[in-house]
Each structure stands twice: as C-alpha cells, then as structure tokens.
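The values are calculated or read from the model by the stated rules, or taken from the named source; none is laboratory data. These numbers come from a predicted model, not from an experiment. Virtual Cβ from ideal backbone geometry, glycine too; neighbours counted across all protein chains shown. All accessible areas refer to the heavy atoms of the entire protein, side chains included, with ligands and DNA or RNA removed. Shrake-Rupley method; radii C 1.70, N 1.55, O 1.52, S 1.80 Å.
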Amino acid sequence: MKDHQNGFFRVELHAHTQASKDSLVRPERLIQHCEKIGIDKIAITDHNEIQGAFKAKELAPNRVIVGEEIETTQGELIGYFMQEWVPPGLAPMAVIERLRAQGAVISVAHPFDTVRSKHWKEENLLAIVPHIDAIEVFNARCLRTQPNQQAEDFAKQHGLLATVGSDAHSLWEVGMASLHLPAFDDAAAFKAALAEARQTTRLSPAFVHLFSRYASFYKRLEKLFSKQKIQL
C-alpha cells in the first residue's frame with residue numbers, strides 16, 4: 001500500500017464523511033476514491049462524530065485512521081488513532097485529557113483561519129501548547145495563504161509537529177493537501193513519522209465551500225420531509 005516516493009505512505013489527515021453535518025460522502029466511496037488516486041492512508045475526521053470513521057475502518061482497516069474534529073469552547077482540535085467519541089462543547093484541556101486517556105495524537109485544526117466560526121485566539125492556543133502534539137500548518141480550505149503561514153510559523157516557534165489536510169467535504173477535494181510519511185501502524189509510530197514528513201499542498205478553489213453548503217441544505221430538507229412523512 002506504499003506510494004512510489006521511496007517507500008513512504010501518502011497520507012490524507014483531514015477528511016469528512018456523511019457523518020458530518022456538511023458532507024454527503026459515503027465511507028465506501030471515500031475508500032474507493034483513495035485507492036483510485038493513490039492515498040495510502042486517510043484519517044476520517046468528522047465534525048464531532050466518530051461513527052463514520054469506525055465504519056470506514058471496518059471496510060479498510062489498514063487504510064483508515066479513526067479521528068474526530070472536535071469543537072471546543074475556544075477552537076477545534078483533531079484527534080488521531082482514537083478509540084472512543086469525545087463530545088463537543090468542552091473546554092480545550094478537558095478534550096485534551098480525554099484524547100490523552102485513549103492514546104490519541106492531538107493536532108489543532110486551522111488555528112488562525114478567522115473566516116471560520118470557530119478559530120483560536122493566540123493566547124488560548126499558547127495555553128495548550130505543552131499538551132498537544134501538532135499544528136495543522138496547511139488547510140486546503142483556507143481562502144488565503146496567510147492563516148496557513150501563521151500556523152506554520154507558530155508550529156516552528158514552539159517546536160510542534162506539523163500536519164496538513166485537505167479538509168475534504170467532497171471526493172473532489174481529497175488529496176489537495178497530503179503528507180508523505182514513513183510507514184506507521186499505530187499512534188506512536190505515526191507521531192514519530194510526522195517528524196520526517198514531506199508536504200504536498202495546494203489550496204482548493206473557493207467554490208468547494210458550496211459542496212458543504214449544499215450538503216447541509218440537503219440534510220435539512222431531508223429531515224424536514226422525514227418529519228412531515230411521520231406526521232402523515
């Protein structure tokens with residue numbers, strides 16, 4: 001399952017399935033697409049959900065990393081190699097403690113992208129630096145390069161590992177930002193591999209945000225019609 005770059009894996013670390021409120025991607029389609037485009041491992045990081053990742057893991061245990069993008073009271077964290085769900089809405093340190101208890105690797109999602117409804121204030125981020133493993137230094141859904149550059153500078157300044165991710169909410173986006181990593185099969189080896197990562201990154205065009213808006217709208221309509229059907 002290795003790629004052709006000196007035996008390294010090509011890894012996508014930020015992708016969503018239909019378990020997220022703003023994606024319609026089925027886990028089986030996502031796995032098939034990864035095989036097609038040469039993604040050797042993919043982290044399923046649904047918003048505040050983990051069932052889509054577990055389902056994908058069952059379908060492709062050697063390809064899928066179980067993760068979750070967790071909304072805290074101050075910003076979003078991503079857990080990798082998770083064993084159980086962490087609920088949203090907790091303080092950052094409460095989330096970190098739950099992730100540590102299950103042996104997860106912890107990264108901060110798109111920390112300086114102020115366009116997002118949830119982004120980190122630098123003073124809050126500084127408070128958790130001793131307790132996290134990595135910073136997402138490139139997110140393909142950022143509309144500008146500045147937030148990614150700021151994240152990269154922050155990671156270097158504080159000696160943190162770097163992750164990148166497509167933040168894919170559609171199949172089309174998968175692989176826009178990926179890492180080439182030495183072989184790994186658990187959290188400890190993954191963390192060690194990040195120190196040797198090589199990045200392949202490009203920003204997605206702005207129109208990809210329409211994919212998630214459509215997914216959210218579609219699900220709201222589906223829920224509305226389902227309620228009406230029950231009442232009938």
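Here are a few things to note about the model shown:
- Residue-normalised accessible area of the chain, expressed per residue, 1.4 Å probe, Å²: 48 Å²
- For the range 1-106, diffusion coefficient by Stokes-Einstein and Kirkwood Rh (Cα), 20 °C, 1.002 mPa s, µm²/s: 154 µm²/s
- DSSP-loop GluC sites (Glu not before Pro) across the range 128-232, with at most 15 other Cβ within 10 angstrom: Glu196
- Whole-percent carbon and sulfur share, accessible surface of the chain, 1.4 Å: 52 percent
- GNM flexibility winner over the chain from Ala168, Ala189, Ala109 (Cα, springs under 10 Å): Ala189
- Antiparallel DSSP beta bridges within the chain, percent to nearest 5: 50 percent
- Gaussian network model of the chain, Cα within-10 Å springs - most flexible of Gln157, Gln149, Gln102: Gln157
- Given +1 at the Cβ of Lys and Arg, -1 at the Cβ of Asp and Glu and no other charges, the dipole of the range 98-198 around its Cα centre is 200 debye to the nearest 20.
- The C-alpha radius of gyration of the chain, expressed as a fraction of 2.2 N^0.38 Å, stands at 0.97.
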